[in-house]
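Asks: First the structure, which I've put down as structure tokens, then a few questions once you've had a look.
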Amino acid sequence: KRLDHLWTGESKRWVGLVAALIENFFFGASFYGFNALIPPYKELGVFGHLCNGIDCTQQEPCIFVGVGSFASLFCNYHVCSMFVRVRGLTISLLSGVYDSSSAVAFFVSQAYPKITIQTSFIILACGAVIYGSLMAVFILTQKEEDMVPPNQNTLESLSTEFFSRQRLSDYEETKENEDMIDVNAVVLRVVNERYPNTKACFRDLPLYLFAFLYMTGLMRYSYFFARLNEQLDFAFDKNKAVVNHLLETSAAISMCGFFLSPITGFILDISRRAYKRKLKCRLNDPDHQLTDAEIYWTHLRALAPALYLLATCSTIISALHFVIGQQWLYYMLCVGIMLHSSILASTTTTGVMIAFPVTQFGVTIGMVTMVSGVFITIQYGLLELLINTANGVLVTISCLMYIPPLILTFKRR
């Protein structure tokens with residue numbers, strides 16, 4: 001507890017945000033870019049004794065390689081609590097940098113052979129331990145609520161503004177705050193009364209809705225990279241020059257995830273504004289009294305447009321895998337999968353934050369992630385199927401992603 005007060009002051013939150021962004025980039029999801037390491041791995045003969053020239057089925061599957069990565073991400077999310085008014089914006093930035101961290105593997109592949117693969121990973125491992133320890137000691141606190149500055153009011157944002165608003169005139173800002181405060185207060189009351197404890201969260205539909213959304217979306221994202229090398233061999237008849245070029249390109253495009261996050265933020269921001277105005281009008285209508293359930297689901301319905309876009313993006317990506325021999329198509333697929341990842345991370349995190357009390361964020365997001373992590377282990381079964389058969393399964397999974405937004409659209413109580 002005493003470590004929480006080693007460093008205080010205004011500068012702490014800004015240094016903490018920059019430090020969290022750096023940590024998420026260099027020590028986040030670099031394992032998603034490991035396809036860029038396939039050419040140097042082949043040159044070095046890594047796993048060569050487990051391969052027969054066609055595949056490497058003798059190699060034992062590895063799971064849970066990203067446990068430390070996700071733990072670091074969730075801890076860094078709490079840095080956003082120091083930015084109460086723009087907490088959503090900082091979450092968007094952290095998620096975008098996390099997606100872009102797969103580019104680290106691209107940098108490692110480009111540094112080889114001047115810097116050996118072994119040396120690069122030792123540097124990353126030591127850096128992660130040292131950097132993470134410094135973050136824990138000087139930036140993070142023992143409890144989440146202690147991250148909020150004592151002079152800040154959590155009602156200002158309710159952790160629901162995913163993207164900062166455009167700068168308004170003093171009159172417009174004052175008027176908008178007056179319009180929004182009643183809605184925010186009502187929503188806060190409804191959420192807190194609906195979930196007085198952790199048990200209530202586990203007994204209600206939204207937690208499983210977000211878990212289903214995240215596990216299907218994560219399956220699409222994870223499988224894309226897990227079988228990218230084999231998919232490219234199939235699509236381009238094992239043309240090594242084209243395949244190696246596209247593998248490196250996929251890792252390079254991954255660094256664009258940070259620049260795609262504003263798209264998700266814009267969609268969520270516009271949608272939330274619209275639904276908030278709608279909810280305000282209905283709350284102020286004396287002829288129509290809303291129940292707490294109707295208020296709650298109208299509050300969550302703002303996520304529906306982004307979720308429809310996510311499901312559509314996933315379905316298109318899955319369907320286009322049946323097209324072979326088109327190099328330009330894979331450039332689009334790489335950009336599309338990064339957009340898919342940005343929407344998935346942003347909407348899931350935002351959904352969990354606005355659906356449950358802030359004190360339940362750690363438990364609920366942890367549950368959603370755990371269920372998704374267990375679910376995507378079935379991708380090892382998909383890797384044993386023929387490519388087109390597995391692609392067909394992914395089309396089906398992508399279509400199932402329309403279920404959460406449909407429920408949000410029509411759910412009333």
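Asks: I'm trying to understand the selection: among the residues of the stretch 32-49, which are within 19 Å of L228 (Cβ to Cβ) and either hydrophobic (A, V, I, L, M, F, W, C) or modelled with pLDDT of 75 or more (or both)?
Replies: Answer for the stretch 32-49, where residues must be within 19 Å of L228 (Cβ to Cβ) and either hydrophobic (A, V, I, L, M, F, W, C) or modelled with pLDDT of 75 or more (or both): F34, A36, L37, I38, P39, P40, Y41, K42, E43, V46, F47.
Asks: While we're here: Residues in the stretch 220-240: is at least one among the aliphatic types (A, V, I, L, M), surrounded by 15 or more Cβ atoms within 10 Å (Cβ to Cβ), touching a Pro at 6+ places or on another chain (Cβ under 8 Å) and in contact (Cβ under 8 Å) with a residue 60 or more places away in the chain?
Replies: no
Asks: Let me ask another. Just the residues that are modelled with pLDDT of 85 or more and surrounded by 19 or more Cβ atoms within 10 Å (Cβ to Cβ), please, taken from the stretch 373-394.
Replies: Selection gives L382, A390, N391, L394.
Asks: Kindly check whether there is at least one residue in the stretch 324-344 that is touching a residue at least 60 places away in the same chain (Cβ under 8 Å) and at positive phi.
Replies: yes
Asks: Can you run down the residue pairs with Cβ atoms below 7 Å, 6 or more apart or on separate chains, where the first is in the stretch 376-400 and in contact (Cβ under 8 Å) with a residue 60 or more places away in the chain and among the hydrophobic types (A, V, I, L, M, F, W, C) and the partner is surrounded by 13 or more Cβ atoms within 10 Å (Cβ to Cβ) and assigned to a loop (DSSP other than H, G, I, E, B)?
Replies: L383/R227
Asks: Identify the residue in the stretch 180-219 that is crowded, with 18+ Cβ neighbours inside 10 Å and among the aromatic types (F, W, Y) and, among all such residues, is farthest from A306 (Cα to Cα).
Replies: Looking at residues that are crowded, with 18+ Cβ neighbours inside 10 Å and among the aromatic types (F, W, Y), I get Y195.
Asks: Determine, yes or no, whether V84 is more than 30 Å from D233 (Cβ to Cβ), among the β-branched types (V, I, T), buried (at least 18 other Cβ atoms within 10 Å of the Cβ) and modelled with pLDDT under 70.
Replies: Yes; evaluated as a whole, the condition is true for this residue.
Asks: Another question, then. Within the stretch 286-294, is there a residue that is closer than 29 Å to E193 by Cβ, in contact (Cβ under 8 Å) with a residue 24 or more places away in the chain and in contact with a helix residue (DSSP H, G or I) (Cβ under 7 Å, 6 or more places away or on another chain)?
Replies: Pass one, the stretch 286-294, residues closer than 29 Å to E193 by Cβ: 286-294.
Narrowing further to those that are in contact (Cβ under 8 Å) with a residue 24 or more places away in the chain: 291-294.
After this cut, where a residue has to be in contact with a helix residue (DSSP H, G or I) (Cβ under 7 Å, 6 or more places away or on another chain) as well, the list is 292.
Within the stretch 286-294, one or more residues are closer than 29 Å to E193 by Cβ, in contact (Cβ under 8 Å) with a residue 24 or more places away in the chain and in contact with a helix residue (DSSP H, G or I) (Cβ under 7 Å, 6 or more places away or on another chain).
Asks: Among the residues that make up the stretch 330-352, is at least one of them touching a helix residue (DSSP H, G or I) at 6+ places or on another chain (Cβ under 6 Å), more than 28 Å from F212 (Cα to Cα) and surrounded by fewer than 17 Cβ atoms within 10 Å (Cβ to Cβ)?
Replies: Checked against the condition, which is being touching a helix residue (DSSP H, G or I) at 6+ places or on another chain (Cβ under 6 Å), more than 28 Å from F212 (Cα to Cα) and surrounded by fewer than 17 Cβ atoms within 10 Å (Cβ to Cβ), the stretch 330-352 yields no hits at all.
Asks: Residues in the stretch 285-293: is at least one assigned to a helix (DSSP H, G or I) and of a type in the set (V, I, T)?
Replies: Keep residues of the stretch 285-293 that are assigned to a helix (DSSP H, G or I), which gives 292-293.
Restricting the remaining residues to those that are of a type in the set (V, I, T) gives none.
No; the residues of the stretch 285-293 include none that is assigned to a helix (DSSP H, G or I) and of a type in the set (V, I, T).
Asks: If you don't mind, there's one more thing I want to ask. So is E23 under 30 Å from the mean Cα position of the chain (by Cα), in a helix (DSSP H, G or I) and modelled with pLDDT of 80 or more or not?
Replies: Numbers: under 30 Å from the mean Cα position of the chain (by Cα): yes; in a helix (DSSP H, G or I): yes; modelled with pLDDT of 80 or more: yes.
It is true that E23 is under 30 Å from the mean Cα position of the chain (by Cα), in a helix (DSSP H, G or I) and modelled with pLDDT of 80 or more.
Asks: With the structure loaded, tell me whether A241 is small (G, A, S) and either at pLDDT 85 or above or closer than 26 Å to G392 by Cα (or both) or whether it fails that test.
Replies: Taking the combined requirement at face value, the residue satisfies it.
Asks: OK, next. Output the helices (runs of 4 or more DSSP H) that fall wholly within the stretch 208-284 and possess 3 or more residues being within 17 Å of the chain's Cα centre (by Cα), or say none.
Replies: 257-283
Asks: Also, quick follow-up: Name the residues in the stretch 241-263 that are within 13 Å of N35 (Cα to Cα) and free of Cβ contacts under 8 Å to residues at least 60 places away in the same chain, would you? Walk me through how you get there before you give the answer.
Replies: Here is the first cut: in the stretch 241-263, the residues within 13 Å of N35 (Cα to Cα) are 243-254.
Selection gives V243, H245.
The values are calculated or read from the model by the stated rules, or taken from the named source; none is laboratory data. Computed from a predicted structure; not experimentally measured. Counting neighbours? That spans all protein chains shown, and the Cβs are built from the backbone with ideal geometry, glycine included.
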